[in-house]
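*Asks:* Handing you a structure now.
The values are calculated or read from the model by the stated rules, or taken from the named source; none is laboratory data. What you are looking at is a predicted structure, and each value in this text was computed from that prediction instead of being measured. Cβ atoms come from the backbone with ideal geometry, glycine included; neighbour counts cover every protein chain shown.
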Number of protein chains: 2
Amino acid sequence: MLKDVQGGHALSKDQYDALLPELRAALLDAQARLRKAGFSVVVLINGAAGAGKSETVNKLHEWLDARFLVSESYEEPTEEERSRPEYWRYWMWLPPAGRIALFSGSWYTRPILDYVWGRSSEARLAEEMARINGFERTLADGGTLFVKLWFHVSKKVQQKRLEALEDSPATRFRVAKSDWKNHGRYGEFVRVTEQVLEQTSTGAAPWHVLDAADDRYRHVKAARLILDAMEARLAGRSRSHEPERLAPIPDPHTVLDELDLSLSLGKSEYEERLAAAQGKLFRLVRKLQKRERSAILVFEGSDAAGKGGAIRRITWALDSRSYRLIPIAAPSDEERSHHYLWRFWRYLPRHGRVTIFDRSWYGRVLVERVEGFATEAEWRRAYQEINDFERELTEAGVILVKFWLHITSEEQLRRFEERKQDPAKRYKITAEDYRNREQANQYEAAAAEMLARCSPPTAPFVLVEANDKRYARVKVLESVVRALEQQL
Amino acid sequence: MLKDVQGGHALSKDQYDALLPELRAALLDAQARLRKAGFSVVVLINGAAGAGKSETVNKLHEWLDARFLVSESYEEPTEEERSRPEYWRYWMWLPPAGRIALFSGSWYTRPILDYVWGRSSEARLAEEMARINGFERTLADGGTLFVKLWFHVSKKVQQKRLEALEDSPATRFRVAKSDWKNHGRYGEFVRVTEQVLEQTSTGAAPWHVLDAADDRYRHVKAARLILDAMEARLAGRSRSHEPERLAPIPDPHTVLDELDLSLSLGKSEYEERLAAAQGKLFRLVRKLQKRERSAILVFEGSDAAGKGGAIRRITWALDSRSYRLIPIAAPSDEERSHHYLWRFWRYLPRHGRVTIFDRSWYGRVLVERVEGFATEAEWRRAYQEINDFERELTEAGVILVKFWLHITSEEQLRRFEERKQDPAKRYKITAEDYRNREQANQYEAAAAEMLARCSPPTAPFVLVEANDKRYARVKVLESVVRALEQQL
């Protein structure tokens, strides 16, 4: 793609001045309409050192309404960022619906540098590009509009630019020694960039390569590309979000029917095994910090399956400073204006810590599917999105253990009735719980599909036979211990 | 207070077991009622090393519903935390309404250590306690219920506890060398603690000192103190939040009437002075990082006074990476469930950065006052809260510059009409803007009172005569430059 870029584009001052008023009015107008349009815009400003990224970002800040603009420049990760999965810092700054983000430097920078400087292989680079495609597709499917701009300059122009920056005391600090080292490998960078752009120019998030030698041309061209992309999306039909409630389905036969729900444990064996597992757990969690690892435990299961009781058996064994328990209920309005995975990224543990999710991102393919809060297209693609998300976690060294707690319908009814009798538990039970029972087949089919599709070898679901609480709690504790032992 | 604590409190295993069921049920019940009660609970677990803070926090985690509990343990601040005002890390973990936070270690720890180890004086300690009283009163007035627990043990018990912790491989890591050093100064700590507890045991946030030698007694006593405080508040009448719209008042004569709104600048002088100030501003902002300082610019003023235009003259001069512009509109639901100052703490800049607030915390004493969104008691006490907040900023080295942009009523009307004619600006003007004009006297009286009460020497308001846009912009830019020059 780079070789197709014609050099020599330039705008005279007069041409530029004549173009500006209309361009700026159009940008502001598109931005005003965006605010009500329910999607967000992510603009990537990428390219070699000296290509003028920072100047154009500043210019766009001047032309757009900065109140509805998020701007972030990615350089070396901070301590906070390094102790979480690599993409955490990108997720944290993703704009809510109605806003534009300008990212200068992005998820492309590190893989390209790693490859050019021999820290990764061709195969690894291809893997990283596939990962980027997955990430961008996930966001694009969630409504994010991508405008990916690559600023291209010739080797000669790059050299002149770097020299000019160094000549002025006001800009000298912006040229690092590594910029000159990279300049020496200009040809290699062009080759790799070609490859990266080809592999990641997708329908959902295409690249635009700009001749970046002339400042005025580059500013105007970048603004026009952003404007065109916004105009096109704003003109399109807004996507319909008609919730469709699924028709009841007959009793499905699923993997869940194969569980032996008669499994149980006697009191003394329970107490002995529980105490042993809790002791091990405490010691294993202490190891996390030293090994620069973190852990995430996910609890899903039917209503009244005993998630809370199992979680308490874990938390009682831990120092309260080492974990955070996040119950997932309806999202807040800030969360609702972001991609549905955003709120889980928010709570990722730093090294040495454990996050326990009481319900989780699987709500997308469970309650949101069954109740029609997500469209069919949305929940169908969520399996892949979730697998991608979990791969981010496990590849970053997060120890991920996921549980599905299962009970029979009869046992569930018995527990509901029991809760109604108990003053301390009565608040837990609502009419909705009974209503959900009418959809039990739907929920079970959804759970079975989720278990089948989201159990990769690196992050399998642990199925827990939970009719007997003692059996379930010991199985949960011992599974966590086993996972930590294997990975620490 | 410490000498009044009778030693020798203890509970036998039988007594403890007999007490527990009722205590736990009552705690869960109170917690369930809290969720609908619209206030939050902050529990401080403080005391010397070896007093059993961590064990009791864990026990409370076990007894309460951990899903609605926030727990944070404060030790050495991280890099992120060090680059912001000291209390930032406390504000960030304050619980939303309906939740309980358990803080182990708190804002009391550092001042006490500093004093005992000779890093601060008696006078400085008293100042810090006054600051704490202000902080706690601000939160208490906002509805937070404080339960401040001080765990007290004798020197002998402390020694035994530290030895026991060191004897077990599972707890050895929890004893630091500094714990033994502090133990050597036990008497000094008791003396300072006495003083601290006396100075900070206020009506809004009283201290409770517990005999902490016996584990069971300490757990139960702590739980009961929390329970009693919650019960008392839950039983009280919920505070009335009847919004009261103020009656129109006659034209007040205020400091704003003294402004010479005929001040203006010619085009060439404007361009010259603006460019000069912008150049200086760019260089000054670059210095922030090196000096480990940050800056906050606050813009308030009548509608259409030209805040946006003035802000743009600043941002155009800056590298887009160095600032963040935060427009303040209606709070999100997460923000609404916290203290009204919480959302401003969220956006405090780290070292090297500038945050620009387009409207700000002054909304409390302006629009919220005039429109009756805040009660009279709320906006009246806000002056002090805001002064305290700003002192936190300036004492932490934040360079704070606040502007009030003022125009005449006639000029405002002219600008409204002009905006209606301009397609690019039409979206800025709504019926509400005209409605607000009817309350102009209210707004002006509120502004005048704010200017009088919130202009301490360390953070004065800059009054900007803004009928002439050129004059206003230059005055804003030059004021920012002057403030930065003075402080860098």
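*Asks:* Look through segment A:307-317, keep the residues that are more than 8 Å from chain B (Cβ to nearest Cβ) and over 26 Å from the mean Cα position of the chain (by Cα), and return whichever of them is modelled with the lowest pLDDT.
*Replies:* From segment A:307-317, those more than 8 Å from chain B (Cβ to nearest Cβ) are A:307, A:309-310, A:313-314, A:317; that's our starting set.
Cutting the leftovers down to over 26 Å from the mean Cα position of the chain (by Cα) gives us A:309-310, A:313-314, A:317.
On the way: A:GLY309: 92, A:ALA310: 96, A:ARG313: 93, A:ILE314: 94, A:ALA317: 87.
Per the criteria, the residue is A:ALA317.
*Asks:* Is it fair to say B:ALA32 is within 9 Å of another protein chain (Cβ to nearest Cβ), more than 28 Å from B:GLN158 (Cβ to Cβ) and surrounded by 21 or more Cβ atoms within 10 Å (Cβ to Cβ)?
*Replies:* On the way: within 9 Å of another protein chain (Cβ to nearest Cβ): yes; more than 28 Å from B:GLN158 (Cβ to Cβ): yes; surrounded by 21 or more Cβ atoms within 10 Å (Cβ to Cβ): no.
So B:ALA32 fails the test.
*Asks:* Which pairs do you get when a residue that is part of a loop (DSSP other than H, G, I, E, B), found in segment B:447-460, comes within reach of a residue that is among the hydroxyl-bearing types (Ser, Thr, Tyr), reach meaning Cβ atoms under 7 angstrom, with the pair 6+ apart or on two chains?
*Replies:* The qualifying pairs are B:CYS454/B:TYR383; B:THR458/B:THR394; B:ALA459/B:THR394.
*Asks:* Test B:ALA396 against the criterion of being crowded, with 18+ Cβ neighbours inside 10 Å and modelled with pLDDT under 95, and give yes or no. Quick ask: steps written out before the conclusion?
*Replies:* Values: crowded, with 18+ Cβ neighbours inside 10 Å: no; modelled with pLDDT under 95: yes.
Considered against the rule, which asks whether it is crowded, with 18+ Cβ neighbours inside 10 Å and modelled with pLDDT under 95, B:ALA396 comes out as no.
*Asks:* Given the structure, is A:ALA25 within 30 Å of A:ASN182 (Cα to Cα) and over 27 Å from the mean Cα position of the chain (by Cα)?
*Replies:* On the way: within 30 Å of A:ASN182 (Cα to Cα): no; over 27 Å from the mean Cα position of the chain (by Cα): yes.
Criteria not met by A:ALA25.
*Asks:* Being outside any loop (DSSP other than H, G, I, E, B), over 18 Å from A:ASP468 (Cβ atoms) and among the charged types (D, E, K, R) is the filter here, so list the residues in segment A:258-305 that pass it.
*Replies:* A:LYS280, A:ARG283, A:ARG286, A:LYS287, A:LYS290, A:ARG291, A:GLU300
*Asks:* On to the next question. Taking the condition of being crowded, with 18+ Cβ neighbours inside 10 Å, among the hydrophobic types (A, V, I, L, M, F, W, C) and over 24 Å from B:LEU284 (Cα atoms), how many residues in segment B:316-335 meet it?
*Replies:* 1
*Asks:* Test A:ASP333 against the stated conditions and say whether it is free of Cβ contacts under 8 Å to residues at least 40 places away in the same chain and over 21 Å from A:VAL480 (Cβ atoms). Break it down stepwise before answering.
*Replies:* Values: free of Cβ contacts under 8 Å to residues at least 40 places away in the same chain: yes; over 21 Å from A:VAL480 (Cβ atoms): yes.
In short, yes.
*Asks:* Follow-up. Looking at segment B:117-131 only, could you name the residues that are hydrophobic (A, V, I, L, M, F, W, C) and buried (at least 18 other Cβ atoms within 10 Å of the Cβ)? Don't jump to the end; show me each part of the working.
*Replies:* Pass one, segment B:117-131, residues hydrophobic (A, V, I, L, M, F, W, C): B:117, B:123, B:125-126, B:129-130.
B:LEU125, B:MET129 - these are the residues of segment B:117-131 that are hydrophobic (A, V, I, L, M, F, W, C) and buried (at least 18 other Cβ atoms within 10 Å of the Cβ).
*Asks:* What's the number of the condition A:PRO248 fails, among (1) buried (at least 17 other Cβ atoms within 10 Å of the Cβ); (2) at pLDDT below 95?
*Replies:* A:PRO248 satisfies every listed condition except (1).
*Asks:* Out of A:GLU449, A:GLU444, A:GLU417, A:GLU438, report the one residue that is modelled with pLDDT under 85 and either more than 22 Å from the chain's Cα centre (by Cα) or under 17 Å from A:ARG364 (Cα atoms) (or both). Steps first, please.
*Replies:* Details: A:GLU449 fails: modelled with pLDDT under 85; A:GLU444 fails: modelled with pLDDT under 85; A:GLU417 fails: modelled with pLDDT under 85.
Being modelled with pLDDT under 85 and either more than 22 Å from the chain's Cα centre (by Cα) or under 17 Å from A:ARG364 (Cα atoms) (or both) holds for just one of A:GLU449, A:GLU444, A:GLU417, A:GLU438, which is A:GLU438.
*Asks:* Within the bounds of segment B:37-53, is there any residue that is within 11 Å of chain A (Cβ to nearest Cβ) and either in contact with a Pro (Cβ under 7 Å, 6 or more places away or on another chain) or touching a residue at least 40 places away in the same chain (Cβ under 8 Å) (or both)? Quick ask: steps written out before the conclusion?
*Replies:* From segment B:37-53, those within 11 Å of chain A (Cβ to nearest Cβ) are B:45, B:53; that's our starting set.
Within this subset, residues satisfying the condition of being either in contact with a Pro (Cβ under 7 Å, 6 or more places away or on another chain) or touching a residue at least 40 places away in the same chain (Cβ under 8 Å) (or both) are B:45, B:53.
Yes: segment B:37-53 contains one or more residues that are within 11 Å of chain A (Cβ to nearest Cβ) and either in contact with a Pro (Cβ under 7 Å, 6 or more places away or on another chain) or touching a residue at least 40 places away in the same chain (Cβ under 8 Å) (or both).
Per-residue answers, yes or no, for (1) crowded, with 16+ Cβ neighbours inside 10 Å; (2) over 24 Å from A:GLU55 (Cβ atoms); (3) over 24 Å from the mean Cα position of the chain (by Cα):
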residue: A:SER178; (1), (2), (3): no, no, yes
residue: A:GLY184; (1), (2), (3): no, no, yes
residue: A:PHE189; (1), (2), (3): yes, no, yes
residue: A:VAL192; (1), (2), (3): yes, yes, yes
residue: A:TRP207; (1), (2), (3): yes, no, no
residue: A:ASP215; (1), (2), (3): no, no, yes
residue: A:GLU231; (1), (2), (3): no, yes, yes
residue: A:ALA235; (1), (2), (3): no, yes, yes
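*Asks:* Moving on to the next point. State the number of residues belonging to segment B:339-360 that are within 11 Å of the chain's Cα centre (by Cα) and outside any loop (DSSP other than H, G, I, E, B).
*Replies:* Kept after step one, since they are within 11 Å of the chain's Cα centre (by Cα), are these residues of segment B:339-360: B:339-346, B:348.
Restricting the remaining residues to those that are outside any loop (DSSP other than H, G, I, E, B) gives B:342-346.
Of the residues in segment B:339-360, 5 are within 11 Å of the chain's Cα centre (by Cα) and outside any loop (DSSP other than H, G, I, E, B).
*Asks:* Of the conditions (1) assigned to a helix (DSSP H, G or I); (2) among the β-branched types (Val, Ile, Thr); (3) surrounded by fewer than 20 Cβ atoms within 10 Å (Cβ to Cβ), B:VAL474 fails just one. Which one is it?
*Replies:* If we test B:VAL474 against (1) assigned to a helix (DSSP H, G or I); (2) among the β-branched types (Val, Ile, Thr); (3) surrounded by fewer than 20 Cβ atoms within 10 Å (Cβ to Cβ), just (3) comes out false.
*Asks:* Of all the residues that make up segment A:83-105, how many are within 16 Å of the chain's Cα centre (by Cα) and without any contact (Cβ under 8 Å) to a residue 60 or more places away in the chain?
*Replies:* So the answer is 4.
*Asks:* For segment B:318-335, which positions are more than 22 Å from B:TRP93 (Cα to Cα), assigned to a loop (DSSP other than H, G, I, E, B) and either at pLDDT 90 or above or facing another protein chain (nearest Cβ under 7 Å) (or both)?
*Replies:* Matches in segment B:318-335: B:ASP319, B:SER320, B:ARG321.
*Asks:* Now, a different point. Could you name every one of the helices (runs of 4 or more DSSP H) located completely within segment A:119-216 that has at least 2 residues being more than 30 Å from B:LEU318 (Cα to Cα) and more than 14 Å from every other protein chain (Cβ to nearest Cβ)?
*Replies:* On the way: elements: A:122-141, A:155-167, A:177-184, A:186-200.
Answer list for segment A:119-216: A:122-141, A:186-200.
*Asks:* Something else about it: Residues A:ALA304, A:ALA277: which one is aliphatic (A, V, I, L, M), over 30 Å from the mean Cα position of the chain (by Cα) and more than 10 Å from chain B (Cβ to nearest Cβ)? So that I can check it myself, show each step before the final result.
*Replies:* Details: A:ALA304 fails: over 30 Å from the mean Cα position of the chain (by Cα).
Exactly one residue qualifies, and that residue is A:ALA277.
*Asks:* May I ask you to list the residues in segment B:75-86 that are surrounded by fewer than 19 Cβ atoms within 10 Å (Cβ to Cβ) and more than 10 Å from chain A (Cβ to nearest Cβ)? Explain how you work it out, then say what you get.
*Replies:* In the first step, residues of segment B:75-86 are kept if they are surrounded by fewer than 19 Cβ atoms within 10 Å (Cβ to Cβ); the result is B:75-82, B:86.
Once the filter is applied, which keeps residues that are surrounded by fewer than 19 Cβ atoms within 10 Å (Cβ to Cβ) and more than 10 Å from chain A (Cβ to nearest Cβ), segment B:75-86 yields B:GLU76, B:PRO77, B:ARG82, B:GLU86.
*Asks:* Consider B:ALA66 against the criteria (1) among the small types (Gly, Ala, Ser); (2) free of Cβ contacts under 8 Å to residues at least 60 places away in the same chain; (3) surrounded by fewer than 19 Cβ atoms within 10 Å (Cβ to Cβ); (4) within 14 Å of chain A (Cβ to nearest Cβ): it satisfies all of them except one. Which criterion is unmet?
*Replies:* (3)
*Asks:* Let me ask another. Which residue, of B:ALA212, B:ALA235, is modelled with pLDDT under 95 and touching a Gly at 6+ places or on another chain (Cβ under 7 Å)? Even if it seems obvious, please write down each step before you answer.
*Replies:* Working: B:ALA235 fails: touching a Gly at 6+ places or on another chain (Cβ under 7 Å).
On inspection, the qualifying residue turns out to be B:ALA212.
*Asks:* Mind listing whichever residues of segment A:420-464 are of a type in the set (A, V, I, L, M) and closer than 16 Å to A:TRP404 by Cβ?
*Replies:* Of segment A:420-464, the ones of a type in the set (A, V, I, L, M) are A:424, A:429, A:431, A:440, A:445-448, A:450-452, A:459, A:462-464.
Selection gives A:ALA440, A:ALA445, A:ALA446, A:ALA447, A:ALA448, A:MET450, A:LEU451, A:ALA452, A:ALA459, A:VAL462, A:LEU463, A:VAL464.
*Asks:* Further, regarding this structure: Mind telling me which of the residues B:HIS338, B:HIS351 ends up being buried (at least 18 other Cβ atoms within 10 Å of the Cβ) and within 13 Å of chain A (Cβ to nearest Cβ)?
*Replies:* Numbers: B:HIS351 fails: buried (at least 18 other Cβ atoms within 10 Å of the Cβ).
Checking each option against the conditions leaves just B:HIS338.
*Asks:* Against the condition free of Cβ contacts under 8 Å to residues at least 12 places away in the same chain and within 16 Å of the chain's Cα centre (by Cα), how does A:GLU122 come out, does it pass?
*Replies:* Numbers: free of Cβ contacts under 8 Å to residues at least 12 places away in the same chain: yes; within 16 Å of the chain's Cα centre (by Cα): no.
Judged against the criteria, A:GLU122 is not a match.
*Asks:* So A:GLU385 clears everything in (1) under 16 Å from the mean Cα position of the chain (by Cα); (2) free of Cβ contacts under 8 Å to residues at least 60 places away in the same chain; (3) assigned to a helix (DSSP H, G or I) except one condition, right? Which one?
*Replies:* Among (1) under 16 Å from the mean Cα position of the chain (by Cα); (2) free of Cβ contacts under 8 Å to residues at least 60 places away in the same chain; (3) assigned to a helix (DSSP H, G or I), the lone unmet condition for A:GLU385 is (2).
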